Amino acid sequence: IGFGVDLLVSNSGRYDGDPYRVLSAYNAGPQAASRWVEQLGGAPERDVYLAWIGYPETRHYVEKVLIDREVYDWIIRAAGD
């Protein structure tokens, strides 16, 4: 778990906290994530970046984690009411 947390923290710093790039780097590696950014001319819009991710497994992973994040955020907010 510690290694995973360290990797997420490192990727977060590398990609200015952009969850799309952080998660794609976590799943496919920072070389792949940076390559996709470069292919798009740097700092692409999130939806464009997501569509450009070259590995279907990574694209689905990023989508699933971000959807799950929204669901859990909704559950936590609803529990606080």
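Before moving on, here are some points about what is shown:
- Taking each residue of the stretch 26-41 that is open to solvent by 70 Å² or more (accessible area, probe 1.4 Å) and looking for partners that are at pLDDT 95 or above and hydroxyl-bearing (Ser, Thr, Tyr) with beta-carbon atoms closer than 9 Å, six or more apart or interchain, yields 26/61.
- Scan the stretch 42-58 for residues that are open to solvent by 60 Å² or more (accessible area, probe 1.4 Å) and over 12 Å from residue 22 (Cα atoms) and the total you get is 9.
- Pair list, Cβ under 8 Å, 6 or more apart: the stretch 55-71 residue over 16 Å from residue 25 (Cβ atoms) and hydroxyl-bearing (Ser, Thr, Tyr), other residue modelled with pLDDT of 95 or more and not in a loop (DSSP other than H, G, I, E, B): none
The values are calculated or read from the model by the stated rules, or taken from the named source; none is laboratory data. None of the values given here were measured: they were computed from a predicted structure. Because the Cβ atoms are built from the backbone with ideal geometry, glycine has one as well, and the counts that use them run over all protein chains shown. Accessible surface areas use protein heavy atoms only, side chains included; no ligands, DNA or RNA. Shrake-Rupley method; radii C 1.70, N 1.55, O 1.52, S 1.80 Å.
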